[in-house]
Each structure stands twice: as C-alpha cells, then as structure tokens.
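Input: one structure, supplied below.
Just so it is clear, none of the values below were taken in a lab; they were calculated from the coordinates. This one's a predicted model, so the numbers in the text were calculated from it and none came from an experiment. Glycine gets a Cβ as well: all are built from the backbone with ideal geometry, and neighbour counts include every protein chain shown.
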Amino acid sequence: MSGLSDFAKKAEQVGQEHSDEVDKGIEEAEKAADERTGNTYEDQVKQGGDQLEKRFGGGQDQQRDENGRQPDQPDQPDQQQGR
C-alpha cells in the first residue's frame with residue numbers, strides 16, 4: 001500500500017504549495033454540503049473541512065469560527081489514524 005501513502009504525501013505537498021486554491025475548494029465543498037443537507041450536519045462538515053485545510057492547505061493559521069474559536073487540533077499524529 002505504499003502507493004497510496006506516496007499519493008497522500010504528494011497531495012499534501014501540492015496542497016501546501018497551492019494552499020489558497022485548496023482552501024477555496026474546501027470552502028466551496030463545505031458550502032455545497034451544507035446546502036444539500038440543509039445545514040443538518042454543519043458542525044461535522046466544518047470539522048472535516050478544518051482537518052482537510054490543516055492537512056492539505058493553509059488552514060493551520062486560520063480562524064474560521066464565527067465566534068473567534070480556533071478549530072480543535074488533534075493530539076495524535078496523522079499516521080496513527082491510518083492502517
């Protein structure tokens with residue numbers, strides 16, 4: 001499965017090089033998901049988008065919460081989440 005791991009590493013690298021575009025795409029995807037679900041899963045969509053921005057975009061420096069809160073940062077390294 002090293003091919004998938006290599007792909008994820010490359011995607012992360014490309015995302016960091018083009019973080020503005022990645023963040024914009026993630027925000028558009030969040031908006032579309034919220035519209036399709038009638039904002040039923042707004043918190044989950046936001047959490048997922050925040051995690052994607054941290055991993056593949058420039059989201060680590062952004063405050064996206066309208067209340068001024070920063071997204072939660074996981075204590076576990078990303079490698080422990082995969083198999």
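Please arrange V14, V22 by counting, for each residue, the other beta carbons lying within 10 Å of its beta carbon, fewest first. Intermediate results must be reported in sequence, preceding the final value.
Values: V14 13, V22 21.
Fewest to most other Cβ atoms nearby, the residues stand as V14, V22.
Using a cut-off of 13 Å between beta-carbons, work out the net charge of the residues near T40 (Lys and Arg +1, Asp and Glu -1, T40 not included).
-2
Follow-up question, since we're still on this one. What FRET efficiency, computed as 1/(1 + (r/R0)^6) with R0 = 30 Å and r the Cβ-Cβ distance, is obtained for D20 and T40, rounded to the nearest 0.05? Walk me through the intermediate numbers first.
Working: r = 29 Å, r/R0 = 0.98.
The computed FRET efficiency comes out at 0.55.
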